[in-house]
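First up is the structure itself, then whatever we jot down about it.
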Amino acid sequence: MQSHVEFNERDFFKNPFSRAEIEDLLGGRPASEMFNFRSPSFKQTGLDRNTLSDDRLIDMMLKEPRLVRRPVVRIGNDVYFGANRSVLEKLMG
């Protein structure tokens, strides 16, 4: 028996997230879970990741979508940031 998975793709470089969407995706978790600290865009800032508040991280992701850990995957009520292919296959399998 095959299961059906509905798939909705969004290019958030063309259709950026709003603050409310980011907060909804985080669901109360720290913004650092969604933030891509390995991005060259972050490294160029020279900022210390340990000094940045959740609000500041969200502000930075709103201004620069490359700072969002990709892919962002929502399955039901669960949201995963930066999940690799094997993790996604396990979640959908």
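Summary of values
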| quantity | calculated |
| --- | --- |
| Out of Ile22, Ile75, sole residue that is within 26 Å of Leu91 (Cβ to Cβ) and either modelled with pLDDT of 95 or more or not hydrophobic (A, V, I, L, M, F, W, C) (or both) | Ile22 |
| Breaking point among (1) touching a residue at least 40 places away in the same chain (Cβ under 8 Å); (2) crowded, with 16+ Cβ neighbours inside 10 Å, for Ala31 | (1) |
| Those residues of the stretch 9-34 which are in a helix (DSSP H, G or I) and basic (Lys, Arg), in sequence order | Arg19 |
| Test for Pro16: is it in contact (Cβ under 8 Å) with a residue 24 or more places away in the chain and open to solvent by 60 Å² or more (accessible area, probe 1.4 Å) | yes |
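The values are calculated or read from the model by the stated rules, or taken from the named source; none is laboratory data. Since we're looking at a predicted model, the values are computed, not measured. FYI the Cβ positions are ideal-geometry reconstructions off the backbone, even for glycines, and counts take in every protein chain you see. Each accessible area value is taken on the protein alone, full model and side chains, heavy atoms only, with ligands, DNA and RNA left out. Shrake-Rupley method; radii C 1.70, N 1.55, O 1.52, S 1.80 Å.
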